[in-house]
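**Q** Here it is: the structure, laid out below.
The values are calculated or read from the model by the stated rules, or taken from the named source; none is laboratory data. All figures in this text were calculated on a predicted structure; none of them were measured in a lab. Note: ideal-geometry Cβ built from the backbone for every residue, glycine included; neighbour counts use all protein chains shown. Just the protein is used for accessible areas: all its heavy atoms, side chains included, with ligands, DNA and RNA removed. Shrake-Rupley method; radii C 1.70, N 1.55, O 1.52, S 1.80 Å.
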Amino acid sequence: MVRSLEMRGWMQLISAKPFAKVVAAVKSIFGFFIKVFIYRIPEVQPGMKLWGGRFSKNTDSAVDDFNSSIGFDCRLYRQDIEGSIAHVRMLGKCGIIPVDEAELIERTLKEILADIENGKVQFEVDAEDIHMNIEKILIERIGEPGKKLHTGRSRNDQVALDIRLYLRDEIENIRKMLIDLERMLLRLSEDNLDTIMPGYTHLQRAQPITAAHHFMAYFHMFLRDLDRLADCKKRMNKMPLGSGALAGTTYPLDRKSVADELGFDDITANSLDAVSDRDFVIELASCLSIIMMHLSRFSEELILWSSHEFGFVEMDDAYSTGSSIMPQKKNPDVAELVRGKTGRVYGSLVTLLTVMKALPLAYNKDMQEDKEAIFDAVDTVKMCLPVFAKMIGTMKINRDKMYEAASGGFTNATDLADYLVKKGVPFRSAHEITGKMVAYCINNKKSLEQMTIEEFMAFSDRVGPDVYEEISLQKCVDGRRLPGGPARETVRKTIEEGYKIIDSMSR
Ligand code: ARG
């Protein structure tokens, strides 16, 4: 899997260099002499796993590499520490471990957090994952009390917690980006209330609309995305600690207080489900896939629109690229790449569904595969949204070209038929008469509004001089004033409502 830049940055925190191994070996020899001749240091012995008690030998290094998730779950360090602090405070409060030791653990965890953020911590592949890396560092720093952190907890409920905390924040980050995109769409729509363009079905010119109406269609798609993300977060926001490995724990943990402290709406209701549920990850991947699908549709249109054949928009030079061979080229790469990246987000969704398919209860190691997939989907969407918003905010709209396209292609033919209906012709007959007029215009290379009144009358004696006004593009648009339609007044109202909705979300 190709890792994002951020993830590659993370990878540098992990020691895999031979030099580090030599340093570790020297440290361990030195430590051995101190232990034997001075006193026993209660730290984790090198190469020894935190779960190593029942094992006769060290893990094969190939298995360490294979099994380890620290290369990608290291990005959960903040959530892991936040969860551990809430857990240990509760352990202290409930009298499960001494309060002074709980406080020492909390203080040290905060120091570890600061050290990680200042780049002073190197995670280790043979400590497997972020959970054991941090616990190991804690024990190395404070010895025996550090060994009490994991009381009443398993990595299974711990990872279920961490990933919820992490994705919960990322949902909010993505929602903010969607809100920025929505504002951009509202502004573009406001600016283009009078920009007439052809609306399409089957990619054939159909009826005149405005560019504002077109942009607002995307506004409403992204509004549903915002709603879907909020809904996804609601189901995600349940606190799993206390579920243990699978069957809860005998310690009298106060699950509710941990949930409150970490800002969860509730606690999970079944320990087996809590440790093996990744529905929320799949749901998020599905929300992200739908966002990308929307972006890909918009991208596709903008790619078409920036071609010479359409010429409806021109991407700003800062959002286009040239060709290494064809000097005249200006390519809409950003839109194309967004369209292309849709594939990898769909890929993550299918990965997640397949990882979870047929998994027996409860936790299985397969589930470690959830992280790279959802991280990549989150990273990709976060990369696409801001650049897409800026791209559409800087593109030039070619109003004349749009108007010209709406004037050709007989987009006002339906309005001409409706005009005949108003004059008493049944719709089916009006449709047929108008069809004949269109065929006549095609043969005579003219548009409907270029026909003379005599020409009209040859098809129907109901046509009067008011026909020209009735089939003008502006009238065709403004006549469609039902709620949801393209009339300027109607769209102006939906833009105003849009601002209200987006403002209330930003509060
Ligand atoms: N790194 C593991 C994961 O991401 C954490 C849980 C490991 N649990 C276990 N029983 N091995 O799923």
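**Q** Identify all residues within segment 225-258 that are free of Cβ contacts under 8 Å to residues at least 40 places away in the same chain and assigned to a helix (DSSP H, G or I); write none if there are none.
**A** Scanning segment 225-258 gives 227, 231, 234, 255, 256.
**Q** Determine whether segment 114-133 contains at least one residue that is surrounded by 19 or more Cβ atoms within 10 Å (Cβ to Cβ), away from the ligand (no atom under 16 Å from the Cβ), within 21 Å of residue 162 (Cα to Cα) and over 30 Å from the mean Cα position of the chain (by Cα).
**A** no
**Q** Looking at segment 123-134, I want the residues that are in contact (Cβ under 8 Å) with a residue 60 or more places away in the chain and have a partner that is assigned to a helix (DSSP H, G or I) and within 8 Å of the ligand (Cβ to nearest atom) with Cβ atoms under 7 Å, at least 6 apart or on another chain. Which pairs are those?
**A** 129/73; 130/73
**Q** Test residue 182 against the stated conditions and say whether it is over 22 Å from residue 266 (Cα atoms) and more than 16 Å from the ligand (Cβ to nearest atom).
**A** Yes.
**Q** Cβ-Cβ distance below 7 Å, separation of 6 or more or different chains: which pairs start in segment 144-171 with a residue that is farther than 21 Å from residue 364 by Cβ and end on one that is open to solvent by 20 Å² or more (accessible area, probe 1.4 Å) and modelled with pLDDT under 95?
**A** That search, which allows pairs on different chains as well, returns 144/42.
**Q** Given the condition of a type in the set (Lys, Arg) and in a loop (DSSP other than H, G, I, E, B), answer yes or no: does some residue in segment 390-403 qualify?
**A** no
**Q** Something else now. Quick test for you: out of 73, 80, 60, pick the one residue that is open to solvent by 80 Å² or more (accessible area, probe 1.4 Å) and of a type in the set (Asp, Glu).
**A** 60
**Q** Given the structure, is residue 23 farther than 23 Å from residue 126 by Cα, part of a helix (DSSP H, G or I), of a type in the set (Val, Ile, Thr) and modelled with pLDDT under 90?
**A** Judged against the criteria, residue 23 is not a match.
**Q** Go through segment 268-292 residue by residue and tally those that are surrounded by fewer than 19 Cβ atoms within 10 Å (Cβ to Cβ) and either among the basic types (Lys, Arg) or more than 19 Å from residue 170 (Cβ to Cβ) (or both).
**A** Of the residues in that region, 4 qualify.
**Q** Moving on. Given the residues 400, 478, which is the only one that is surrounded by fewer than 20 Cβ atoms within 10 Å (Cβ to Cβ), within 49 Å of the chain's Cα centre (by Cα) and within 25 Å of residue 314 (Cα to Cα)?
**A** Going through 400, 478 in turn, just one is surrounded by fewer than 20 Cβ atoms within 10 Å (Cβ to Cβ), within 49 Å of the chain's Cα centre (by Cα) and within 25 Å of residue 314 (Cα to Cα): 400.
**Q** Could you list all residues from segment 174-207 that are acidic (Asp, Glu) and within 29 Å of the chain's Cα centre (by Cα)?
**A** 180, 182, 190, 191
**Q** So, one more: Go through (1) at pLDDT below 95; (2) assigned to a loop (DSSP other than H, G, I, E, B); (3) surrounded by 15 or more Cβ atoms within 10 Å (Cβ to Cβ) one by one and return the number of the condition residue 486 breaks.
**A** Going through the list (1) at pLDDT below 95; (2) assigned to a loop (DSSP other than H, G, I, E, B); (3) surrounded by 15 or more Cβ atoms within 10 Å (Cβ to Cβ), residue 486 breaks only (1).
**Q** Exactly one condition in (1) without any contact (Cβ under 8 Å) to a residue 60 or more places away in the chain; (2) surrounded by 16 or more Cβ atoms within 10 Å (Cβ to Cβ) is not met by residue 414; state its number.
**A** Status for residue 414: all satisfied but (1).
**Q** Determine if segment 343-366 includes at least one residue that is more than 24 Å from residue 291 (Cβ to Cβ), modelled with pLDDT of 95 or more and aromatic (Phe, Trp, Tyr).
**A** yes
**Q** On to the next question. Limited to segment 352-367, what total is found for residues that are open to solvent by 40 Å² or more (accessible area, probe 1.4 Å) and β-branched (Val, Ile, Thr)?
**A** 1
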